[in-house]
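Coordinate-derived values only; no laboratory data. Keep in mind the model is a prediction, meaning the values are calculated, not measured. Reconstructed Cβ throughout: ideal geometry from the backbone, glycine too, with neighbour counts over all protein chains shown.
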C-alpha cells in the first residue's frame, strides 16, 4: 500500500533540445567540407595556396562546435516532488550526476512573470538556491514554474 510520502505529486524530466539530428550534423559538415575543398582547389589553381589550410581549419572548427552542441544536449534534470521531499537530480553532459533534496514545505519558486530571455527559475529553501531549467526557453521555464508552484501547494496541504 502506498503512503502519502511515496505519492508523486510532480515529476518532470528536463532536457535541452538538440540543435540537429546526428545525420543532419554530418550532412552539414560534409556539405561545408565539399564546398571548402572546391574553393580551396580554386585558390590553389590561382596561386593563393596559403588560403587552403584556413579553409580546412574552418571545417574543423565547425565540426568541433557542432559536436559540442550535440554533447551539451545530453544533459538532463529531473524534478520529482513527493509530500516529503523535492528532489532535483542533475545529469550533466559530462561529469558526475548530483542530487539536491529540499523540504517542499519550505521551498519558494521564483521566476519573472512575464519571462525575459535572462529570467531564471530558482528554488529557494533555507538560504539555499537551486537554479533549474536553465537550458529551457523562457516560456517553458515559466510553465514549469507555475506547474511546480501548484504541485508544491498540493504537497503542503498533504503534510
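Brief remarks follow.
- Linear extension gain, residue 96 paired with residue 62, 0.36 nm per residue minus alpha-carbon span: 9.5 nm
- The angle between the Cα long axis of helix 22-45 and the longest principal axis of the Cα atoms of the chain comes to about 20 degrees, rounded to the nearest 10.
- Using the alpha carbons alone, the radius of gyration of the stretch 95-155 stands to its Kirkwood radius in an Rg to Rh ratio of 0.97.
- Folded to 0 to 90 degrees: helix 138-158 orientation relative to the chain principal axis, Cα: 20
- When only alpha carbons are used to place a centre, the stretch 95-135 and the stretch 51-74 end up 33 Å from one another.
- Residues residue 23 and residue 120, FRET efficiency given R0 of 35 Å [Cβ-Cβ distance, rounded to 0.05]: 0.55
- Chain lengthening between residue 130 and residue 157 when straightened (0.36 nm per residue, less Cα-Cα): 7.4 nm
- Dividing the C-alpha radius of gyration of the stretch 22-72 by 2.2 N^0.38 Å, with N its residue count, gives 1.28.
- The mean of 1/r over all distinct Cα pairs in the chain, once inverted, gives the Kirkwood hydrodynamic radius of 18.9 Å.
- With contacts taken as Cα pairs under 8 Å and at least 6 residues apart, the stretch 54-159 reaches a relative contact order of 20 percent.
- The chain, helix-only ellipticity at 222 nm - DSSP H runs n ≥ 4, -39,500 (n - 2.57), divided by all residues, nearest 500: -14500 deg cm²/dmol
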